[in-house]
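Colleague: Before I ask anything, here is the structure I am working with.
The values are calculated or read from the model by the stated rules, or taken from the named source; none is laboratory data. Predicted model, so just to flag it, every value in this text is computed and none were measured. No Cβ is skipped: glycine too gets one built from the backbone with ideal geometry, and neighbour counts run over all protein chains shown.
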Amino acid sequence: MKNKCYLFTGIILIFAGIINFSKAQTSLNAQYENIVEKANNYQEYKVINQNQIKSLWKNTTDSLKSNQAKLDKAQSQINTQQLEINQLKKLLSEKNNLLSKALNAKDEILLLSFVPLSKAAYQTTMWGLIIFLLGLATFLIFRTKSFRKEALYRIKLFNDLNDEFKNYKIKANDNEKKLARALQDERNKLDELFRR
């Protein structure tokens, strides 16, 4: 019996909640039309129940307050989101700057520790320098080769001249000895002539 009583009470409470919920869910326009329809006519005027109009006014102000609270909450949320958007834009700008600097640093090489060059310009510069140095080395090798040929030719001439000079010295020395001997012979002959 107690269970039946609790069950009956629960069912009544559920129906009362549904009725109140449906009343609260009715729109302000529907409430206004309901009041006007139920109003009594007195000559040209409608007589409206004061409790109903107060209830309508209370529901209207509650709806306005609720809507204003929702609007304030939405505006606050919009302001908060706008601040977050601005902060994210600023952060994105900073990240983009850092990214571009990092990409530039990655693509940049310092030549002689103070001249910034992109990798392509650096490679072009280095290959140009290598080609220039190879050309200079080739030029110097050929130039040195011609100088070496000239030096070998001059050394050969010097050696030939030196050999000629040595031969001349030997011949001159032999001639001098012959002349000295001939002179001595003539002196000896002259001494013999004077001795006789």
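Colleague: Mind checking which residues of region 96-108 are in a helix (DSSP H, G or I) and of a type outside the set (Lys, Arg)?
Modeller: Within region 96-108, Asn96, Asn97, Leu98, Leu99, Ser100, Ala102, Leu103, Asn104, Ala105, Asp107 qualify.
Colleague: Considering each residue of region 109-143, count those that are out of contact with any Asp or Glu (no Cβ under 9 Å at 6 or more places or on another chain) and either part of a strand (DSSP E or B) or of a type in the set (S, T, N, Q) (or both), and give that number.
Modeller: Of the residues in region 109-143, 9 are out of contact with any Asp or Glu (no Cβ under 9 Å at 6 or more places or on another chain) and either part of a strand (DSSP E or B) or of a type in the set (S, T, N, Q) (or both).
Colleague: If we scan region 5-22, do we find a residue that is surrounded by fewer than 10 Cβ atoms within 10 Å (Cβ to Cβ), more than 60 Å from the chain's Cα centre (by Cα) and either at pLDDT 70 or above or hydroxyl-bearing (Ser, Thr, Tyr) (or both)?
Modeller: Yes, some residue in region 5-22 is surrounded by fewer than 10 Cβ atoms within 10 Å (Cβ to Cβ), more than 60 Å from the chain's Cα centre (by Cα) and either at pLDDT 70 or above or hydroxyl-bearing (Ser, Thr, Tyr) (or both).
Colleague: Could you identify the single residue in Lys119, Lys106, Lys101 that is basic (Lys, Arg), touching a helix residue (DSSP H, G or I) at 6+ places or on another chain (Cβ under 6 Å) and either exposed (fewer than 10 other Cβ atoms within 10 Å of the Cβ) or modelled with pLDDT under 90 (or both)?
Modeller: Lys119
Colleague: Taking the condition of a type in the set (Asp, Glu) and modelled with pLDDT under 90, does Asp160 pass? Reasoning before the result, please.
Modeller: Values: of a type in the set (Asp, Glu): yes; modelled with pLDDT under 90: no.
So Asp160 does not fit the description; no.
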